[in-house]
Amino acid sequence: MRGVDFLVVGGGIAGLRAAVGLAEAGSVLLVTKESLTESNTAYAQGGIAVAMGGAEDVALHLADTVAAGDGLVKAAAAAVLVEQGPVRVEELLRWGTGFDRHPAGEGAAGAGELMRTREGAHSLPRILHANGDATGREIMESLLRHVRGLQRVELMEWATTVDLILADGRVVGATLLDSAGELIEVRARAVLLASGGAGQLYSETTNPAVTTGDGIAMAYRAGAELMDMEFFQFHPTAFALEGAPHFLMSESLRGEGAWLVNERGERFMQRYHKGLELAPRDVVARAIGREGMEGGVYLDMREAGKNFDLKARFPGISEFLAGYGLELGRDRIPVRPAAHYLMGGIRTDAHARSSLAGLYAAGEAACTGVHGANRLASNSLLEGLVFGALAAEAMAGDEVQGSGFEVRGTAAVEGWAAGDVEGCIAELQALMWRDAGLLRDEAGLWRARAGLAALRAKGPRGLTRRALEARNLLAVAEALVQAALGREESRGAHFRVDFPEHDAVARHSVVRRGELRFEE
C-alpha cells in the first residue's frame, strides 16, 4: 500500500490540467492505462472552441452551446465553461502550445494572429487548431512537457484501475493492477476520475481502444450517481471504406465548405435542417443514416478545394486518405456515423465534485450538464481544460471528513475469463450498435437489456486488464440502456422512433445502484 495526497486516474487533457493545479497543494500520482500519449485528447482533430473576442463572443458561445444541447444544458455550468475558456487557453499559449496562426499576407487577418475556423452549430468562427488537424496531440504534448517539470507529480503508465476504495462513506483511494499483474492499493485525500469516455461500447466508433468507460463504471459500483447516460453522440462522418478503420473525418472539413452528397451525387442536408452541413451533429448523423439506406454517403470537397491548399490545412487526414488512394478535393470520401462522445457520465457540480465525498470527475467521464443532449462541436477539449483546473481547486480546498482510512470492503473483481473475453466484448458491442445506437425503440432496448443480462450471467471471474475492461463496458452499457428505456421522448442524440417528439419539460436522468429517476 502507498499513500499520496491526490490520485488522478487518466492522462488526457482533464487529468493533466488537474495535475498542474494539484501539484501546488500536495503530492500527486497520475495513473494511465497505457502510455500517456494514448487518449481521446490525442486523437482530437477538430480543435478547441474558445471565445477570445470579448464579452459578446462569450455570450454567443454560451448561446450556441445551449442551443446545441436541445433544452437540456445546465446554463450555469455552460457559463463557467465559456467564461473561463479564454483564461485556460491563454495558459496553454504560455506553456508553448503551438496553435495555428495566419501567415503574412493572408486575407484581412494580421500575420501571426490565431487562425479561427467555424464548425457545426457555431454562430461564428472560434475554433483554434494546431498543425491543421492534430490539435489534441499538440495540446497533449505541451501539457505533458509542463507536467513532467513538476516535482510533486508522479506519472504511472500501464496501470489499470480496478476499483475505488471507500471508508465511512468516503472515497479514500483505489486499487490498481500494474504492468506486472500485481495489485496495488493507493490511499489519497481525494481521487479524480478523468478516465475518458466509453466509445468501445459500440462496434462502430471513432474512439481508441482504451475508451472502455472505466472511471464511470468504478464510480457506479461505488454508489455514485450517473447522469444523462442515454445521450451518446454519434459523429456523422467517420471513414466508411470496407476493411478500413473508422478514421474521423473532422467536422472542420464541413466547416471549410465540404458538402454531403448521396449515392446519386445530390446534396441532401437541405431536406433536414436549415444549417445544412453545419447543422447540429445529431441531425447530421441521422440524415446520413437515412440517406445511407439507399447507398453510400460522401464528403465532397471538390468545390471547396478550389479556394485553398487542402493538404496543408488537413495534413493528417490527407495522409490517411492517401493510403487508400483517395484525395481531398479530387475524390468523394465515403462516410457514415460512428459512436464518438458520451455526454453523460459521473454526475458532478461545476467544481467536479461527485455525489460521493472524496470523489471528483472531469472531462468525458463526468457530466456537469454542460453539453445537455448534444455536445457543441469542439467544446470537449475546452471542457477538459476548464473543469480539470476547477477540479484541482476543489480537491485542494475541500476538507477531509471522516475518521481515518479503515477500509470497509471493496467490490468483488468480476469479468470474463481470458478465453472468451474478446467474443463477449464483440457480442456486447454488436448488440449495443444494433439496439441502443443511433435510432432506438422500446423493443430494441429491451433486446439490448436481455442480451446484457445474458452476458452478465455467463461471466466467470478474472483479473486481467481485458477482463476488467469487459466488466466496465457491461456496467456502463446497462446504465445507458436503462436510462434510454426510461426516456420516452426524442431529444438531441437520443432518438426514439416510437417517441419522436420532445416532452414538454426537459429532465435529466439519474442512475444510482440500478435505480433510475428523472429530475428537472
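The values are calculated or read from the model by the stated rules, or taken from the named source; none is laboratory data. Note that the coordinates shown come from a computational prediction; the quantities given were computed from them, not determined experimentally. Here the Cβ positions follow ideal geometry from the backbone for every residue, glycine too, while neighbour counts run over all protein chains shown.
The C-beta contact set for the stretch 215-228 (first residue under 14 Å from Ala366 (Cβ atoms), second residue among the acidic types (Asp, Glu), distance under 7 angstrom, 6+ apart or interchain) comprises Met218/Asp163.
The rows are residues; the columns are (1) touching a residue at least 24 places away in the same chain (Cβ under 8 Å); (2) farther than 25 Å from Ala75 by Cα; (3) part of a helix (DSSP H, G or I); (4) over 18 Å from the mean Cα position of the chain (by Cα).
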residue	(1), (2), (3), (4)
Glu327	no, yes, no, yes
Arg336	yes, yes, no, yes
Ala377	yes, no, no, no
Ala391	yes, no, yes, no
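Would you check if there is a residue in the stretch 242-256 being in a strand (DSSP E or B) and within 25 Å of Ala436 (Cβ to Cβ)? So that I can check it myself, show each step before the final result.
To start, the set of residues in the stretch 242-256 that are in a strand (DSSP E or B) comprises 248.
Applying the additional criterion that residues be within 25 Å of Ala436 (Cβ to Cβ) yields 248.
So far as the stretch 242-256 goes, yes, one or more of its residues are in a strand (DSSP E or B) and within 25 Å of Ala436 (Cβ to Cβ).
Among the residues making up the stretch 434-486, none is surrounded by fewer than 19 Cβ atoms within 10 Å (Cβ to Cβ) and within 18 Å of the chain's Cα centre (by Cα). Scoring Val8 on the criteria (1) over 19 Å from the mean Cα position of the chain (by Cα); (2) within 21 Å of Arg145 (Cα to Cα) leaves a single failure, condition (1). For the stretch 152-198, filtered to residues that are polar (S, T, N, Q) and at pLDDT 95 or above, the residue that is farthest from Leu463 (Cα to Cα) is Ser195.
Per-residue answers, yes or no, for (1) buried (at least 20 other Cβ atoms within 10 Å of the Cβ); (2) in the same structural domain as Gly492 (by TED's automatic domain parsing); (3) in contact with a Phe, Trp or Tyr (Cβ under 9 Å, 6 or more places away or on another chain); (4) free of Cβ contacts under 8 Å to residues at least 12 places away in the same chain:
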position	(1), (2), (3), (4)
Asp282	yes, no, yes, no
Met293	no, no, no, yes
Gly296	no, no, no, no
Leu299	yes, no, yes, no
Ile317	yes, no, yes, no
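Among the residues of the stretch 263-280, how many are outside any loop (DSSP other than H, G, I, E, B) and touching a strand residue (DSSP E or B) at 6+ places or on another chain (Cβ under 6 Å)? First the steps, then the outcome.
If we filter the stretch 263-280 for residues that are outside any loop (DSSP other than H, G, I, E, B), which is where we start, we get 267, 269-271, 276-278.
Filter once more, keeping what is touching a strand residue (DSSP E or B) at 6+ places or on another chain (Cβ under 6 Å): 267, 269, 277.
Adding up the residues that qualify gives 3.
Scanning the stretch 304-320 for residues that are outside any helix (DSSP H, G or I) and closer than 16 Å to Arg254 by Cβ yields Asn307, Phe308, Phe314.
Scan the stretch 51-102 for residues that are within 21 Å of Asn374 (Cα to Cα) and touching a strand residue (DSSP E or B) at 6+ places or on another chain (Cβ under 9 Å) and jot them down. Matches in the stretch 51-102: His61, Asp64, Thr65, Asp70, Gly71, Leu72, Lys74, Val82, Gly85. Residues in the stretch 348-364 that are part of a strand (DSSP E or B) and surrounded by fewer than 24 Cβ atoms within 10 Å (Cβ to Cβ): Arg353, Ala357. Answer with yes or no whether Val73 is over 22 Å from Leu359 (Cα atoms), buried (at least 21 other Cβ atoms within 10 Å of the Cβ) and touching a helix residue (DSSP H, G or I) at 6+ places or on another chain (Cβ under 6 Å). Considered against the rule, which asks whether it is over 22 Å from Leu359 (Cα atoms), buried (at least 21 other Cβ atoms within 10 Å of the Cβ) and touching a helix residue (DSSP H, G or I) at 6+ places or on another chain (Cβ under 6 Å), Val73 comes out as yes.
Name the residues in the stretch 462-499 that are touching a Lys or Arg at 6+ places or on another chain (Cβ under 9 Å), assigned to a loop (DSSP other than H, G, I, E, B) and more than 30 Å from Ala67 (Cβ to Cβ), would you? Passing the criteria: only Gly462.
Exactly one residue out of Ala222, Ala244, Ala258 is among the hydrophobic types (A, V, I, L, M, F, W, C) and either assigned by TED's automatic domain parsing to the domain that holds Ala361 or under 30 Å from Leu356 (Cβ atoms) (or both), and it is Ala222.
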